[in-house]
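Written below as structure tokens is the structure these notes are about.
The values are calculated or read from the model by the stated rules, or taken from the named source; none is laboratory data. Just so it is clear, the model here is predicted, and its values are computed rather than measured. Quick reminder, even Gly has a Cβ in these numbers, built from the backbone with ideal geometry, and neighbours come from all protein chains shown. Heads up: the accessible areas ignore ligands, DNA and RNA and are worked out on the full protein's heavy atoms, side chains in. Shrake-Rupley method; radii C 1.70, N 1.55, O 1.52, S 1.80 Å.
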Amino acid sequence: MTHSSIPKRWIMWAAVFLLWLLFAQAARSGVISSLTIDEGLHITSGYAYLRTGDPRLMEEHPPLAKVLAVWPLLLVPDLPSPAGLPGWDEANLAKVMKYWLQPYRPFDRVVYAARVPIMLLSLLLGALVFRWTRELASPKAGLLALGLYALDPNILAHTPLAATDLGAAAFIFFALYTFWRALQSPTRASIALAGITLGLAQAAKISATILLPLFIILACLRAMTARDPLLLSGLKIQRWTRTAGLKERLVRLGLLTGVIIVLAGLSLWACYGFEI
């Protein structure tokens, strides 16, 4: 063991502690907090889609974040299907929630079970914040970024809620990270992962559509600043020379971004069961 390895170990333990602290606060808040104004709607529509495959109660949000939140409810044996309840035929989400979720007892068992997956997703997001910052700067910078994330009041407020906000933030961040990796070192795996995560971000919340023009801008910036990156050409990884012109770099990175967007569309379509 060298002297230089000791600080990195302590940094990793500090990162684990911050993630534990985030989860501990969220777990406690999830127990004592009452149902927020939109959680009941998200839980009802997500469970209905997961249980029946019918998207009629999916109103203004895509299904991914809701489905991730409510999948533990499939393990609740006495939780009935929302199909057939008052409001189902007319796709009245508020009315279905009134007859499906609100009468259930013990009420907290359903609500808390739907909150736990969002807490775990927040931990995954925090770990990626640490990793990406560490790759961009240093382990100490990664720890600082994780500390700002884990102690941010906005994050602490949304982590224990079965809502779409934290899910959208997480998948948008995942998509940005994988796209950055694809621009740095494009391989079949990195491009496929970037496309899948971009599609999952679109399936988490409609506001993730901001990523589409942002990806194009990032690709253009990468083309203007790249020195000697690896790029896909057909099915082979090739390296362009330092003398490659800006036009060539823009075309190649444009094609790469286009492939990622097409894969994202397929990924989003898969979240809807490839329905037309």
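General remarks:
- Counting lysine pairs in the chain that sit 8 or more residues apart in sequence, or on different chains, and whose Cα atoms lie under 28 Å apart gives 7.
- Rounded to the nearest 10 Å², the accessible area of Trp20 at probe 1.4 Å: 150
- Net charge contributed by nearby residues that have their C-beta within less than 12 Å of Leu146 (K/R +1, D/E -1): +2
- Mean separation of Cα pairs under 8 Å and 6 or more residues apart, divided by the residue count, gives the range 53-130 a relative contact order of 36 percent.
- Crossing angle, helix 5-32 versus the chain [Cα axis fit, 0-90 degrees, rounded to tens]: 20
- Overall shape of the range 62-166 was characterised from the C-alpha gyration tensor. The equivalent ellipsoid obtained from it has semi-axes of 37, 13, 11 Å, in decreasing order.
- Shown here for the range 159-232: trypsin sites (Lys or Arg not before Pro) in loop regions (DSSP other than H, G, I, E, B) with at most 12 other Cβ atoms within 10 Å, namely Arg227.
- Pairs of Cα atoms nearer than 8 Å and 6+ residues apart set the relative contact order; for the chain it is 19 percent.
- Among Gly126, Ala114, Ala169 the positive-end extreme of the charge dipole of the range 29-187 (Cβ point charges): Gly126
- Accessible area (Å², per residue) of the range 1-93, counting only protein heavy atoms and a probe of 1.4 Å: 56
- Cα long-axis angle, helix 139-150 against the chain (0 to 90 degrees, to the nearest 10): 20
- Between helix 165-184 and the chain: long-axis angle, C-alpha atoms, 0 to 90°, nearest 10: 20
- Solvent-accessible area, 1.4 Å probe, carbon plus sulfur percent, for the chain: 68
- Using alpha carbons only: equivalent-ellipsoid semi-axes of the chain, gyration tensor based, whole Å: 39, 27, 13
- Most mobile of Tyr149, Tyr177, Tyr99 in a GNM of the chain (Cα contacts under 10 Å): Tyr99
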